[in-house]
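Only one structure is covered here, and it is reproduced in the block below.
The values are calculated or read from the model by the stated rules, or taken from the named source; none is laboratory data. Only a predicted model underlies this, so the values are computations on that prediction, with no experimental measurement involved. Positions of Cβ are generated from backbone atoms using ideal geometry, with glycine treated the same way; all protein chains shown enter the neighbour counts.
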Amino acid sequence: MRIEAVPFDSPASAELRQAQRDELEIRYETPDSEPGPAPTAADVTVFYVAFDDDGEPIACGGLRALDATHGEVKRMYVRPGNRGSGVSSAVLATLEQDASGRGWTRLLLETGDRQPDAIRFYTREGYSPIPNFGHYVGVEASRCFEKILVVSDPAADALCEGCE
């Protein structure tokens with residue numbers, strides 16, 4: 001498996017995002033269950049796709065800046081046949097590392113009440129429930145989470161090579 005940054009509107013990204021929308025349409029029994037503005041190529045800071053050993057796109061996730069030090073996780077998705085393989089944790093770790101490298105100190109996300117698997121995943125990965133934020137305030141079906149990040153400082157890391 002490899003994870004790489006790709007354009008938000010690349011074919012692999014579009015394929016996975018459509019698969020996610022299709023799955024959510026079934027879960028929420030509506031073609032558009034998104035409570036906030038949908039992410040676009042213009043407002044997604046970075047988007048990652050995980051590819052299997054055959055080069056097939058199997059998972060994705062992106063970041064959207066909320067301000068200079070906070071970001072939002074957007075469009076996390078893993079194809080059903082690849083769930084339980086660790087790819088979701090790998091994509092999320094990549095997003096967190098990217099966010100930290102940008103100097104972001106906090107990641108927020110929203111998922112829905114009909115996605116208990118996502119809620120379990122984010123909780124297991126260290127995300128804590130928070131009151132709904134931004135466009136999700138007042139949306140009964142939304143469940144929001146946050147994680148405080150450790151900001152990476154390459155200069156400090158270089159000074160402390162071998163430190164314990």
Some residue of the range 29-38 being outside any loop (DSSP other than H, G, I, E, B), out of contact with any Lys or Arg (no Cβ under 8 Å at 6 or more places or on another chain) and surrounded by 16 or more Cβ atoms within 10 Å (Cβ to Cβ): no
Pull up the range 125-152, narrow it to residues that are small (Gly, Ala, Ser) and closer than 15 Å to VAL73 by Cβ, then point me to the one that is surrounded by the fewest Cβ atoms within 10 Å (Cβ to Cβ). SER128
Tell me, yes or no, whether the range 111-128 has at least one residue that is touching a Pro at 6+ places or on another chain (Cβ under 7 Å), closer than 26 Å to VAL6 by Cβ and either in a loop (DSSP other than H, G, I, E, B) or free of Cβ contacts under 8 Å to residues at least 60 places away in the same chain (or both). no
Is there a residue being at pLDDT below 95 and either more than 16 Å from the chain's Cα centre (by Cα) or among the hydrophobic types (A, V, I, L, M, F, W, C) (or both) anywhere in the range 34-44? yes
Residue pairs within 7 Å by beta carbon, gap of at least six or interchain, first lying in the range 59-82 and over 24 Å from ILE26 (Cα atoms) and part of a loop (DSSP other than H, G, I, E, B), second aromatic (Phe, Trp, Tyr) and at pLDDT 95 or above, listed first then second, are THR69/TRP104
With the requirement that a residue be over 14 Å from the mean Cα position of the chain (by Cα) and touching a residue at least 24 places away in the same chain (Cβ under 8 Å), what does the range 86-99 give you? none
It is to be established whether one or more residues within the range 132-146 are touching a Pro at 6+ places or on another chain (Cβ under 9 Å) and of a type in the set (Asp, Glu). yes
